[in-house]
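Values in this text are rule-based calculations from the coordinates and carry no lab data. Note that the structure is predicted; figures quoted are calculated from it, not measured. When we count neighbours, we look across all protein chains shown, and the Cβ atoms used for this are built from the backbone with ideal geometry, even at glycine.
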Amino acid sequence: MQRAPSILALALCAFGLAGPTWAADLELTDCQLDGPFGLNHVKARCATLAVPENPAAPEGRRIELNVAVIPATAPTPSPDPVVLLAGGPGQAATEAFAGLPGAFKGLNEHHDILLLDQRGTGSSHPLDCPLSPEEMWAPKMDADDVRQRTRQCLDGLADTDPRFYTTPIAMDDLERVRQALGYGPMNLVGVSYGTRAAQVFLRRHPDSVRSVVLAGVVPMQAALGLDHARHLDDDLNRIFARCADSEACAKAFPEPRKAMLALLDRLDGSAAQVAFAHPRTGEWMEVPFSRDALAGAIRLLAYVPEGQALLPLLLSDAQSSARWDKLAAQALMVSDSLMDQISRGMELSVMCAEDVPFFPGDWHPGADSVIGDALVEYARAACQVWPRGQIPDGYHDPVQSDKPVLMLTGEFDPVTPADYAEQALAGFTNVKSLTVPGQGHALLGRGCVDDVIAHFVRDAGFADLGEDCLDDMGPMPFFIDFTGPTP
């Protein structure tokens, strides 16, 4: 899953397996998985597996990996588990699953669900660096501020070497867990950054894969984070064009893009103070609201159909009232969950090894770009401080595979749009790519998407997906006022 300058999305490094001499069978015991803010609870079977932090030094410091299994409900389940690879980078699989338990109901009937908190996330030696809402909305930090805060984050992780919290190492962890649990080939379900993780696992352990689902596809060729500004601008153009095609929206908000640019200009160079009740806790907040905070709010709202449907109304309200509270509160509903779930240190370990070194030096955002260079420059500055892991040669080459791969892209995805899915097709010979009408970046749990995924995993093929049901999905109608969307 990408966000305000301190919440990006990228991936990392590589070392070979040290061998099974230090891996042991896992003894699972009853446990409970808790979703974000404790809103959902899922019964599971859990264990921990100790692995070397540095795979090349198996006698050195070890870290504990958090493993959970939700057993299949059928009396005679299939032997191949489904593995959720969460987004971010920085999100824990156990928390992501507990936040969307219904999304896997069809899969869980016949398949165990295997969850591994990727090293550096959740309960797997997390690399947490707290980020306050005040920091989230602060005016854009200069490079010195970013380096100072990054150093503070690093200093708080004394018993950690961040170079070894990378995607290839983490995918070797998953292979060790598979062996320890005695599973055969697995079905991978990657979401956002998790789609890169799935491709890395497929490349490193092809015989351990039965099928792959990529939802919100990140192609291996991409330096993740570099295209966020362009993708958001393109998506906002699509959203505003849809508003223009809607009689009610066009009448109420004839020029939403013009309103957006005027609001960004109004805050350029001088932050406003915004006061509002936190939408989840009810706690009163007063924070600076800068141009970059507004850009971040717009970006977060574009992630999901509900935010997209509200965007023209929120922009119009802010322009006419000169108040930012409604817009800020709606964006905080999205960002608060992200901040709570993302391990920022692991995120930095990923992006500083796999992505930032591949940013071109002459990169510049387009004219009138909403987020401009904020994410890219933040990442460059942070990675001047953060220790850099290694990645293997050819890491950004397309993965070559004949395993069955189902790719799903939201029509209005501001992060991983259709052109990313097109790039990812390059190395796959047994693949189907579907666009989900009206949807944004979050696809699991939406409409019949989960049924399509369950049908694909059942047969590890495309003969009976039932994907025609996707045609009945579409965007949420635009809100013309705050009482609800138009019919």
Give the relative contact order (percent, whole number) for the range 49-187; include only Cα pairs under 8 Å separated by 6+ residues.
29 percent
With an 8 Å Cα cut-off and a minimum separation of 6 or more residues, compute the relative contact order for the range 122-253 in percent.
16 percent
The chain: calculated mean residue ellipticity at 222 nm from DSSP helix runs of at least 4, using -39500 (n - 2.57)
-11000 deg cm²/dmol
For Asp25 and His278, compute 0.36 nm times the residue count separating them, minus their Cα-Cα distance, and round to one decimal in nm.
86.5 nm
For the pairs Lys105/Lys326; Lys105/Lys403; Lys251/Lys326; Lys258/Lys326, note any where the Cα-Cα span goes beyond 29 Å.
Lys105/Lys326
P(r) of the range 107-233 over all Cα-Cα pairs, 10 Å bins starting at 0, rounded to whole percent, reads 10, 31, 33, 19, 6, 0
Can you tell me the order of 393-400, 255-262 when each peptide is scored by its average per-residue count of other Cβ atoms within 10 angstrom, highest first?
255-262, 393-400
Please give the Cα centre distance for the range 444-473 versus the range 59-124, rounded to the nearest Å.
21 Å
Ratio Rg/Rh, restricted to the range 230-310 and using Cα atoms, in which Rh is the Kirkwood radius:
1.01
Of all trypsin sites (Lys or Arg not before Pro) in the range 280-378, which ones are in loop regions per DSSP and have a Cβ with at most 16 other Cβ atoms within 10 Å?
Arg280, Arg323
Taking 148-160, 452-464, 376-388 and ranking on average Cβ neighbours within 10 Å, highest first, one gets 376-388, 452-464, 148-160
Extension gain Asp159-Asp459, at 0.36 nm per residue separation less the Cα-Cα distance, in nm?
103.5 nm
Which of [x] 96, 60, 35; [y] 66, 51, 43; [z] 82, 59, 37 gives Cα extents along the principal axes in Å as computed here? It is [y]
